[in-house]
Amino acid sequence: MKPIAHIHTDLPQKFGIPRNSFLAPHLQGRIVFEPEYALNSAVAGIDSFSHLWLLWRFENGEPGGGAADVAGTRAAAAAAASRHAPAASPKPARWSPTVRPPRLGGAERVGVFATRSPFRPNPIGLTCVKLDRVELTDAGPIIHVLGADLRDGTPIYDIKPYIPFADCHPDACGGWIEDAPWHELDVDFPEQLQAEVPAGKLPGLTEVLRQDPRRAGSKHEPTRVYHLAYAGLDVAFTVDGDVLHVVCVS
């Protein structure tokens with residue numbers, strides 16, 4: 001398989017990527033097709049759907065912030081995307097039959113096929129995103145989406161419409177996840193620092209911070225300053241208990 005497109009997001013690094021798209025529904029993404037597939041006719045009718053499935057590639061099976069990553073290094077992915085050329089073939093993924101899901105605090109193990117961990121035999125990711133709009137250009141279509149929990153430059157293998165009557169199962173069971181409800185942080189974000197963030201980017205940033213970008217099971221280090229790369233900004237923050245404090249935006 002080879003990528004049909006690359007997605008461009010506000011998250012250039014693995015750190016901070018949401019573990020699921022529903023955790024950050026305002027994260028913006030632009031899907032730009034490779035020249036071979038950059039045909040407006042190929043997306044005819046897609047704007048009649050509200051959501052899309054994306055099949056994409058993890059970064060060599062390495063763990064990301066959650067349900068998203070790119071193939072190769074950050075520089076290689078950016079270069080491949082800018083050249084509109086397929087990225088290099090991924091190395092065989094490192095995988096383990098059991099993994100420690102962040103949902104369980106990184107302490108308990110379950111079978112890899114009972115999770116969406118990137119430690120898989122094949123580094124394939126699956127994400128449901130909301131379709132914002134389709135932009136038709138002379139160079140081909142650009143699909144704008146929301147809830148883009150993918151690293152900037154991630155190769156996209158396929159795009160499929162989300163079909164409610166077939167894809168939604170109201171009586172579905174969530175397995176062990178139902179016994180481990182998601183815990184979010186309170187975000188202390190001073191107004192003067194919020195002013196440093198473009199208005200359209202602020203909701204997505206707040207959502208990323210609220211879901212705690214740190215590695216699952218991180219030690220309590222209230223004085224440690226973490227740095228999140230987001231939309232060309234460096235967002236510095238600390239975490240004390242259940243409260244994340246934004247201390248600098250540059």
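The values are calculated or read from the model by the stated rules, or taken from the named source; none is laboratory data. All figures in this text were calculated on a predicted structure; none of them were measured in a lab. Reconstructed Cβ throughout: ideal geometry from the backbone, glycine too, with neighbour counts over all protein chains shown. Quick note on the areas: whole protein, heavy atoms, side chains included, nothing else; ligands and nucleic acids left out. Shrake-Rupley method; radii C 1.70, N 1.55, O 1.52, S 1.80 Å.
Tabulated values for the structure
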read-out	value
Segment 151-172, residues that are of a type in the set (A, V, I, L, M, F, W, C) and modelled with pLDDT of 95 or more	Ile156, Ile159, Ile163
Any hit, segment 179-186, residues being out of contact with any Lys or Arg (no Cβ under 7 Å at 6 or more places or on another chain) and at pLDDT 95 or above	yes
Filter result for Gln211 (surrounded by fewer than 17 Cβ atoms within 10 Å (Cβ to Cβ) and polar (S, T, N, Q))	no
Within segment 100-112, considering residues that are touching a Pro at 6+ places or on another chain (Cβ under 9 Å) and open to solvent by less than 40 Å² (accessible area, probe 1.4 Å), the one nearest to Glu184 (Cα to Cα)	Val110
Check on Ser41, modelled with pLDDT of 95 or more, outside any loop (DSSP other than H, G, I, E, B) and open to solvent by 50 Å² or more (accessible area, probe 1.4 Å)	yes
Subset of segment 156-193 [farther than 30 Å from Tyr37 by Cβ, open to solvent by less than 60 Å² (accessible area, probe 1.4 Å) and out of contact with any Asp or Glu (no Cβ under 8 Å at 6 or more places or on another chain)]	Gly174, Gly175, Ala180, Val187, Phe189, Pro190, Leu193
Residue ID - surrounded by the fewest Cβ atoms within 10 Å (Cβ to Cβ), chosen from residues in segment 126-143 that are within 16 Å of Trp53 (Cβ to Cβ) and touching a Lys or Arg at 6+ places or on another chain (Cβ under 9 Å)	Leu126
Whichever residue in segment 227-243 is under 22 Å from Ala107 (Cα atoms) and outside any loop (DSSP other than H, G, I, E, B) and, among such residues, is farthest from the chain's Cα centre (by Cα)	Asp240
Some residue of segment 20-37 being more than 16 Å from Cys128 (Cα to Cα), of a type outside the set (D, E, K, R) and part of a helix (DSSP H, G or I)	yes
Residue within segment 163-181 that is within 18 Å of the chain's Cα centre (by Cα) and at negative phi present	no
Filter result for Gly64 (modelled with pLDDT of 90 or more and either in a loop (DSSP other than H, G, I, E, B) or small (Gly, Ala, Ser) (or both))	no
